[in-house]
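The values are calculated or read from the model by the stated rules, or taken from the named source; none is laboratory data. As the structure is a computational prediction, the values presented were derived from the model and not from experiment. With ideal geometry, Cβ positions are generated from the backbone for all residues, glycine too; neighbour counts draw on all protein chains shown. Surface accessibility is based on the protein's heavy atoms, side chains included, excluding ligands, DNA and RNA. Shrake-Rupley method; radii C 1.70, N 1.55, O 1.52, S 1.80 Å.
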Amino acid sequence: MFFDRAKIHVQAGAGGNGIVAFRREKFVPMGGPAGGNGGRGGNVYIVADPRMNTLQRFRRQVHFRAERGKHGGGTKKAGATGEDLLISVPVGTIARIAETDTVVADLVRDGQQALVARGGRGGRGNAAFKSGRNRAPRLSENGEVGEARWLELELKIVADAGIVGVPNAGKSTLLSVISAATPEIADYPFTTVVPNLGVAEVSHVQIVFADIPGLLEGAHDGVGLGLEFLRHVERSRVLVHLLDGASPDPAGDYEVINQEMMLFNPNLAKRPQMIVLNKIDLPQAREVLPRLEETLAETGSPFFAISAVTGENVQQLLYEVKAQLDKMPVSVATEEVEALPTLSPVEDERSFQITRLEEDLWRVEDVAIERVAQMTNWDYYESGLRFQRILGAMGISDALREQGVSDGDTVLFGGVELVWGFENALGE
């Protein structure tokens, strides 16, 4: 089965913890703080892999986690950076943040990669907190938690030429003749239910063809799974519009398919097309050929009559496809990609919100203070004092008092739960 959509969860690595340590060499009795910083957590990237052509692997594996940074060591040794995680996806994959539908990656070239989750910063060791006022600090930071998010992956096939047309026009037969592809072929409509790729060599140049399953009127609204197929046409530089020579109205078929593509994406109407009447080995196709060629001459598109079964005029068609591609820039239509979300300007200014959840339970919401709380190593008394100073500097302490917080109340900062007013907690 062809999988062109998937949903995965990515978790970047947490940063390593900083440590509290002091120099204790034999002849350096007052060596001072020497706790090293933790290493950064590994990032998560998605990478376009030409060996993949579906998103099937993500049906079996959904969760991906990068390596955590190593903890700091004594003598100011910094922890090693966590190894980045590279997730292979097919060329043509688009990644969106599930919650916001923001496009953060659109990979259209072999080996192209995009960052989808940042690793957490390493926590600082006590050597980083040494100052003129505190020559021997006993505090350190935990590593920052890495970013985690759900991503929706969508595959849009990247091909030089897309073969489109009504069901049973002979698209799969043509692909099997011009390439080594082996799509299912039978004498009934909808034999092809998934896109197929094939590579044809023309004058020592390789051209990638995509066989798009047959389209019906109403495809832009999802009729006949049209929406599932039409998006795979969007990235074809040239369209080979195959008409069924056995159809009672090939010209009408041409108009219907063009209209569906235009309604799905108006830019498809501007894509160069080659109109190709297939099955001219049949008498009825030979009979309709002169009239059809005259009718479609006003489109200005090159017109060919071929037989995919016998190979008649197929090579001439390939030469024309190559000629059309040679006239066009080697580029692929892509989605507009936005940078990964970071602190907004408001959040950067340490704007916070206080909510009273119960009589003695409060929540402080603010990206900056939640990060500080998470990275604070509460095993050390000085760490608690530092957190108190930060609350005061940000105006959170005063705001909590104004709203009525009392000694003994619980205050939540993200996943950290603290008690107001008691020693070693939030009291001053």
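Quick notes on this one:
- Of everything listed in (1) at pLDDT below 85; (2) surrounded by 15 or more Cβ atoms within 10 Å (Cβ to Cβ); (3) of a type in the set (Asp, Glu), the single unmet condition for ASP211 is (1).
- Checking VAL47 against (1) of a type outside the set (Lys, Arg); (2) open to solvent by less than 50 Å² (accessible area, probe 1.4 Å); (3) assigned to a loop (DSSP other than H, G, I, E, B), the condition it does not meet: (3)
- Qualifying strands (runs of 3 or more DSSP E) (wholly inside segment 67-164; at least 1 residues being over 20 Å from THR342 (Cβ atoms) and out of contact with any Ser or Thr (no Cβ under 6 Å at 6 or more places or on another chain)): 85-90, 93-97, 148-155
Residue-by-condition table, conditions (1) of a type in the set (S, T, N, Q); (2) closer than 23 Å to ALA95 by Cβ:
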| position | (1), (2) |
| --- | --- |
| ASP4 | no, yes |
| ASN17 | yes, no |
| LYS26 | no, no |
| MET30 | no, no |
| VAL44 | no, yes |
| THR54 | yes, yes |
| GLU67 | no, yes |
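- Within segment 400-411, being surrounded by 12 or more Cβ atoms within 10 Å (Cβ to Cβ) and outside any loop (DSSP other than H, G, I, E, B) holds for LEU400, THR410, VAL411.
- Among the conditions (1) over 18 Å from GLY69 (Cα atoms); (2) under 15 Å from the mean Cα position of the chain (by Cα), the only one that ALA117 does not satisfy is (1).
- Number of the exception - VAL367 against (1) of a type in the set (Val, Ile, Thr); (2) open to solvent by 70 Å² or more (accessible area, probe 1.4 Å); (3) within 29 Å of LEU139 (Cβ to Cβ): (2)
- When we screen ASP326, ASP244, ASP281 for residues that are free of Cβ contacts under 8 Å to residues at least 12 places away in the same chain and over 30 Å from VAL367 (Cα atoms), the only hit is ASP326.
- Of the criteria (1) part of a strand (DSSP E or B); (2) among the β-branched types (Val, Ile, Thr); (3) open to solvent by 10 Å² or more (accessible area, probe 1.4 Å), which one ILE19 fails: (1)
- Close contacts from segment 195-207, counting a first residue that is free of Cβ contacts under 8 Å to residues at least 12 places away in the same chain and a second that is open to solvent by 60 Å² or more (accessible area, probe 1.4 Å), with Cβ to Cβ under 9 Å and a gap of 6+ residues or different chains, come to GLN206/VAL199.
- Residue match in segment 392-399 (condition: open to solvent by less than 50 Å² (accessible area, probe 1.4 Å), assigned to a loop (DSSP other than H, G, I, E, B), at pLDDT 90 or above and closer than 25 Å to LEU139 by Cβ): yes
- All positions within segment 50-66 that are of a type in the set (S, T, N, Q) and either in a strand (DSSP E or B) or over 18 Å from VAL108 (Cα atoms) (or both): GLN56, GLN61
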